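**Student:** Here it is, the structure, as structure tokens.
Nothing in this text is a laboratory measurement; each read-out follows from the coordinates by a stated rule. All figures in this text were calculated on a predicted structure; none of them were measured in a lab. We place every Cβ from the backbone using ideal geometry, glycine too, and count neighbours over all the protein chains shown.
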């Protein structure tokens with residue numbers, strides 16, 4: 001077994017934690033699907049590489065970016081188990097047959113580019129590291145992860161959005177991620193990328209409001225390029241039913257140290273920026289001119 005890193009936390013239990021879901025005082029639900037840091041022992045036991053490589057799969061400490069909004073009362077669902085265990089932003093059919101013992105590739109005839117690259121619902125490989133696992137997983141084990149960890153997360157998101165819509169008339173899912181530093185075609189650093197599946201998962205006014213808010217604070221913002229959103233938006237964004245969803249990607253260099261491992265002081269200001277964005281979105285969704293977040 002490869003040596004585990006001090007950054008890796010061994011964990012068991014539910015795949016998510018919830019905040020502020022009893023009252024649902026705001027029409028915005030924050031989802032953080034890729035920040036989980038509780039690694040099941042059986043995952044670490046099957047590693048073919050150093051455990052430190054798994055951190056590259058994380059949206060490292062993206063949950064900290066939601067902290068200010070959560071403290072102000074916004075409901076949230078945050079993954080506890082890591083993306084290396086199950087990728088909540090992939091569909092349940094996006095299984096890489098090369099990592100499942102005895103699985104016939106004919107069972108998954110339409111394999112996406114991401115799955116072929118090793119980043120399916122269960123990641124198989126990473127660029128520069130190679131295959132992550134010593135032994136293939138059994139099909140029963142893979143289905144177990146999907147049924148016990150992937151599906152319950154999405155069922156809870158759907159239930160919360162439905163409850164929020166019942167209370168407020170509309171609901172919006174803010175799916176929070178982080179991204180490596182990127183430059184646009186003019187060599188300008190991109191601070192945030194907003195994705196709404198090119199308008200299919202969210203009414204444009206909400207994405208435009210968020211983009212304007214971020215730009216007003218000096219950040220370069222792009223929409224749907226290079227990230228337009230994945231399975232989470234596809235499954236939960238239903239603008240025609242007053243349930244909207246968009247993805248917010250944050251440049252990791254805005255809140256992590258040079259090694260992209262630990263949060264820096266600026267994490268708090270980025271979290272406050274996102275909290276203020278949530279307040280503005282809640283105002284727009286509720287149709288009220290003034291909406292004060294609870295202290």
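**Student:** Taking neighbour Cβ counts within 10 Å as the exposure measure, how do 111, 70, 232 sort from fewest upward? Let's see the in-between values first.
**Tutor:** Details: 111 16, 70 19, 232 23.
With the sparsest Cβ surroundings first, the list reads 111, 70, 232.
**Student:** Here is a follow-up. Based on the Cα atoms of the chain, what semi-axes does the equivalent ellipsoid have, where each is the square root of 5 times one gyration tensor eigenvalue, given in whole Å with the largest first?
**Tutor:** Details: eigenvalues 197, 90, 68 Å².
Listed largest to smallest, the semi-axes of the chain are 31, 21, 18 Å.
**Student:** May I ask for the percentage of alpha-carbon pairs in the stretch 139-295 that lie more than 26 Å from each other?
**Tutor:** Numbers: 4103 of 12246 pairs.
Here the tail beyond 26 Å accounts for 34 percent of pairs.
**Student:** Where does each of 212-225, 243-256 land if you order them by average Cβ count within 10 Å, highest first? Mind showing how you got there, number by number?
**Tutor:** Working: 212-225: 15.5, 243-256: 23.2.
The peptides rank, most packed first, as 243-256, 212-225.
**Student:** Rounded to the nearest 10 degrees, what's the angle between the helix 204-216 long axis and the longest principal axis of the chain, both from Cα atoms, 0 to 90?
**Tutor:** Helix 204-216 sits roughly 80 degrees off the main axis of the chain.
**Student:** How are the C-alpha pair distances of the stretch 73-145 spread across 5 Å bins, as whole percents from the shortest bin up?
**Tutor:** 3, 15, 26, 26, 15, 6, 4, 3, 1, 0
**Student:** Given a cut-off of under 8 Å on Cα pairs at least six residues apart, what relative contact order in percent is computed for the chain? Walk me through the numbers before you get to the answer.
**Tutor:** Details: 583 pairs, mean separation 63.4, N = 295.
Here the relative contact order equals 22 percent.
**Student:** While we're here: What is the angle, in °, between the Cα long axis of helix 266-286 and the longest principal axis of the Cα atoms in the chain? Nearest 10 is fine, range 0 to 90.
**Tutor:** That works out to roughly 60 degrees.
**Student:** Kirkwood Rh over alpha-carbon pairs of the stretch 171-250, then Stokes-Einstein at 4 °C and 1.567 mPa s: what D in µm² s⁻¹, rounded to an integer? Intermediate results must be reported in sequence, preceding the final value.
**Tutor:** Working: Rh = 12.5 Å.
Translational D for this selection: 103 µm²/s.
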